[in-house]
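Undergrad: Got a structure for you, written out below as structure tokens; questions coming shortly.
The values are calculated or read from the model by the stated rules, or taken from the named source; none is laboratory data. Everything numeric in this text was worked out from a predicted model, so none of it was measured. Backbone-built Cβ (ideal geometry, glycine too); neighbour counts: all protein chains shown. When the accessible area is computed, the model is the full protein with side chains, heavy atoms only, and any ligands, DNA or RNA have been set aside. Shrake-Rupley method; radii C 1.70, N 1.55, O 1.52, S 1.80 Å.
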Amino acid sequence: MFGRAPTAPTLNKQWNVDVSALARLSLVAITVSCAPIDLTAQSSPTAAPSAASVTTASVANDQTLRHVHQHLETDGVHAADATFDPGWWQPLVSQPIRPEVPSAALTLDDTLLRALEHSRQIQVFRDLPLIRETTIIEADAAFDWTAFTEARWDDTTDPIGNSLTAGGDVRFFEDHRLSARAGLRRRTRSGADLELYQRLGFQDNNSQFFVPDPQGTARLNLSFTQPLMRGRGRQYNESLVLLAQIDKNVAEDEVQRQLQSHLLEVARSYWALHLERAVLYQKINSYIRGKDVFDRLNQRREVDARLTQIISAEATLKSRASELVRARAAVKNVESRLRSLVNDPSLCDVEIIPIDMPVFESLPVELDESITIAFQKRPELQQAIKNIKAASVRLQMAKHELLPVLDLVTNFYLSGLEGQGQAFDAWANQFDTGRPSYGLGLEYELPVFNRAANARHRRRQLEIRQLRNQYATTLETVRFEVEVAARECMTSETELSTKQHAMQARNAQLNALTKRWQQLPGEDVTASLALENLLIAQDALAVAEYEYLQSQLTFKLSIFNLKRATGTLIQSRPIELCPTDLATEPVTQTNQRQPHSDKPQPQSDTLPSYISQLQTAETQAAERQPAEPPTSTVRRDDSDHVAHPQPWYRISGMR
């Protein structure tokens with residue numbers, strides 16, 4: 001390895017002399033071959049060297065640059081038919097590194113499932129639609145019946161300033177009155193206020209004109225106020241319910257967006273753990289290479305190994321040992337990151353071992369098709385469309401509120417009277433004594449200049465314009481992200497092929513330099529240079545292996561990122577939306593009649609007829625969006641504990 005020793009002791013001195021002479025000749029030859037040759041100086045001794053000429057000589061001409069750029073792929077940079085080497089480190093990645101602690105072997109799908117079940121961040125996301133769903137019920141509850149009751153006792157003693165108040169010489173008017181009423185009121189979906197109540201009373205005073213004394217009274221009253229201009233119509237009055245429904249659907253799209261981003265981050269951390277574990281084994285192998293060189297030099301210390309060679313090999317070995325410390329810490333750091341994303345209690349204090357290996361399958365990417373799918377599936381676009389719908393509803397509400405107030409006011413009542421304070425007898429008399437009474441009227445109101453309503457209408461118009469521009473910006477952003485993701489997917493596949501060729505070339509270089517170093521005598525100057533080249537080649541091979549490993553995982557993640565960019569990351573995994581309660585078993589939706597199902601329940605965010613005309617761009621975008629998912633069934637009961645519906649994502653049949 002370090003040079004063959006002479007066969008006879010008598011030739012030892014002559015061998016050393018010849019080697020020294022050969023070394024000097026080699027050094028002179030290297031110096032001469034590496035010295036720059038200035039042809040200009042030879043032809044013209046007085047000419048000064050030009051910096052521009054040196055720069056031009058180191059750069060190819062324009063024609064060559066353009067030719068290489070245009071024919072780069074034809075020069076062998078193809079990945080379609082390439083066979084990729086998984087790498088010698090792949091079987092080791094799935095083996096435990098720390099045998100003293102328990103380990104948990106996870107596939108990527110298993111990791112995603114654990115994240116969906118345990119991640120605190122995902123729990124934050126999934127509660128958002130539930131919170132927004134309560135606003136639908138709250139808005140619709142404005143049309144519920146309201147029961148009311150009130151009772152009042154009045155005992156008054158007032159000085160009399162008019163003899164006609166009580167008659168005679170009475171100085172103080174004393175009145176004792178008890179009244180109570182109970183009834184129902186509600187606001188109808190047409191905007192009318194309806195109130196029905198029954199009032200009973202007892203009254204006794206010292207007036208001579210109060211007959212009978214005491215007396216019982218009863219009154220059955222029905223009042224109805226219907227707006228004729230501002231505030232009329234079912235569409236206007238149900239607009240708040242519609243807005244709440246749209247807001248809830250926007251929240252569901254937000255869950256989709258956040259969920260895809262979180263699952264992508266979990267996948268990145270999973271493959272980052274795979275990367276760091278593989279890098280650790282690569283660095284261990286690089287350390288072993290340096291250790292072999294150092295050990296063999298140390299064994300030849302007394303024969304032909306130079307001290308400078310041993311020191312150089314030892315320095316390289318110490319440097320690689322320090323990299324191992326950092327590599328071990330990197331593995332633990334990525335494990336901690338993955339635990340923080342998954343939040344599975346069973347993964348605490350265990351070594352996480354990724355057992356999925358990168359699969360090198362070529363993925364055909366059609367850019368136009370990917371952009372079309374993204375326009376249909378991306379939650380951001382669905383949110384933008386729904387926000388435009390909500391703004392259109394608010395605009396029509398503001399337009400409606402420009403009208404003046406004109407209300408039809410009606411009142412209808414029955415009354416009864418009975419002596420001796422018999423209020424219940426008076427209640428019976430109200431139905432068979434006398435005749436009904438009624439009243440009709442109109443109320444009109446219009447603020448001077450109506451500035452508040454006009455300002456509100458102008459604001460809604462500006463909001464519509466802003467949201468349309470925001471929608472156009474979102475379209476361009478989605479297009480850009482899909483283009484970058486698709487290009488990265490194709491580029492990473494090509495890069496994977498080139499990195500593999502580079503690693504193979506570095507491996508061949510290291511083998512050649514190793515053989516050369518083994519055949520040179522140890523005391524030769526060229527042997528020292530060969531040793532340095534060998535150590536450099538080992539580092540270069542380690543870098544090439546790392547870059548090839550990194551390109552493997554970049555290619556794998558580029559596919560994930562493309563699916564996320566097109567909005568199909570959840571559809572590409574066996575994940576489905578199913579309703580579940582907060583802390584109970586999944587709820588099975590049926591077609592059975594639910595309690596209070598006769599109540600009007602918002603079903604979708606379909607626009608009313610009077611706001612269905614949107615701009616052409618919005619209409620085309622709405623036609624491209626998929627059908628709305630079915631709304632979850634709301635379960636109610638009369639117990640103290642109210643079970644709220646919780647739509648959620650579950651994974652079934654994962655590979």
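Undergrad: Going by the structure shown, is Gln470 open to solvent by 70 Å² or more (accessible area, probe 1.4 Å), more than 30 Å from Phe360 (Cα to Cα) and touching a residue at least 60 places away in the same chain (Cβ under 8 Å)?
TA: Yes: the conditions hold for Gln470.
Undergrad: Ok, one more. Being touching a residue at least 24 places away in the same chain (Cβ under 8 Å) and open to solvent by less than 70 Å² (accessible area, probe 1.4 Å) is the filter here, so list the residues in region 433-455 that pass it.
TA: The answer is Pro436, Ser437, Gly439, Gly441, Asn450, Ala453.
Undergrad: Take the conditions out of contact with any helix residue (DSSP H, G or I) (no Cβ under 6 Å at 6 or more places or on another chain), open to solvent by 40 Å² or more (accessible area, probe 1.4 Å), assigned to a helix (DSSP H, G or I) and β-branched (Val, Ile, Thr) and apply them to Val325. Does it pass?
TA: yes
Undergrad: Also, quick follow-up: Pairs, please: C-beta under 7 Å, at least 6 apart or cross-chain, first residue on the phi < 0 side of the Ramachandran plot and touching a residue at least 40 places away in the same chain (Cβ under 8 Å) and in region 130-143, second surrounded by 12 or more Cβ atoms within 10 Å (Cβ to Cβ) and of a type in the set (A, V, I, L, M, F, W, C)?
TA: Hits for this filter: Arg132/Ala251; Thr135/Ala244; Ile136/Val241; Ile136/Ala244; Ala139/Leu240; Ala139/Val241; Ala139/Ala244; Asp140/Val241.
Undergrad: Now for a different question. Pairs needed: first member in region 221-232, of a type in the set (Val, Ile, Thr); second member anywhere, surrounded by 17 or more Cβ atoms within 10 Å (Cβ to Cβ) and part of a strand (DSSP E or B); C-beta distance under 6 Å; at least 6 residues apart or different chains.
TA: So the pair list comes out as Thr225/Asp407.
Undergrad: What pairs come up if the first residue lies in region 91-106 and is closer than 14 Å to Glu276 by Cα, the second is among the hydroxyl-bearing types (Ser, Thr, Tyr) and outside any helix (DSSP H, G or I), and their beta carbons are under 9 Å apart, counting only those six or more places apart or on different chains?
TA: Pro96/Ser103; Ile97/Ser103
Undergrad: Among the residues of region 375-384, how many are crowded, with 23+ Cβ neighbours inside 10 Å and among the aliphatic types (A, V, I, L, M)?
TA: Counting residues in region 375-384 that are crowded, with 23+ Cβ neighbours inside 10 Å and among the aliphatic types (A, V, I, L, M) gives 1.
Undergrad: Restricting to region 251-305, and then to whatever is of a type in the set (A, V, I, L, M, F, W, C) and in a loop (DSSP other than H, G, I, E, B), can you tell me which residue is surrounded by the most Cβ atoms within 10 Å (Cβ to Cβ)?
TA: Ranking the qualifying residues of region 251-305, first place goes to Ala305.
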